[in-house]
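Here the structure comes first, spelled out in structure tokens, and everything after it is commentary.
The values are calculated or read from the model by the stated rules, or taken from the named source; none is laboratory data. Values in this document were obtained by computation on a predicted structure and should not be read as measured data. As a convention, Cβ positions derive from the backbone with ideal geometry for all residues, glycine included, and neighbour counts pool all protein chains shown. Surface areas here come from the heavy atoms of the whole protein model, side chains and all, with no ligands, DNA or RNA. Shrake-Rupley method; radii C 1.70, N 1.55, O 1.52, S 1.80 Å.
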Amino acid sequence: MAFGIVFWFSGAMAVKFGYAFGLFGETGSLFSFILALPLSWLSVLLIVKGAGLKPTQIVPGISLGLATATFFDGIVLTWGT
């Protein structure tokens, strides 16, 4: 869950500050989505290594991190600015 929170916060800050650097918009969005694929895979590898997940624990472990990140997204979208 902690990894989900850390990666969610990293993504939220990337979105917040990415607008200033032109990472979003007509051409910037394409670049951002292409960049998101390897970064997402890197986050999976870091979670597997950092949490010491065994092969049978990878899907449930990543799912728990994703659920935690989605929950935090909902909190910020509901009560954040």
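These residues, Leu77, Leu42, go from largest to smallest accessible area, 1.4 Å probe, as Leu77, Leu42. Ranking of Phe9, Phe24 by solvent-accessible surface, largest first: Phe9, Phe24 (1.4 Å probe, protein heavy atoms only, all chains present).
Size descriptors for region 38-81: radius of gyration and Dmax over Cα atoms are 12.6, 39 Å.
The calculated Kirkwood hydrodynamic radius for the chain is 13.8 Å, given to one decimal from all distinct C-alpha pairs. Paramagnetic label reach from Leu64 (point 7 Å along Cα→Cβ; backbone nitrogen cut-off under 13 Å): within region 1-19, residues 1-5.
Averaged per residue, the chain has 78 square angstrom of accessible surface, using a 1.4 angstrom probe with ligands and nucleic acids left out.
Spin-label model, Leu39/Ala12: points 7 Å from Cα along the beta carbon direction are separated by 1.6 nm. Residue order by solvent-accessible surface for Trp8, Trp79 is Trp79, Trp8, largest first, with ligands and nucleic acids left out and a 1.4 Å probe. Comparing Leu23, Leu35, Leu45 in a Gaussian network model of the chain where C-alpha atoms under 10 Å apart are linked, the largest mean-square fluctuation is found at Leu35.
The accessible surface of the chain, taken with every protein chain in place and a 1.4 Å probe, is 77 percent carbon and sulfur.
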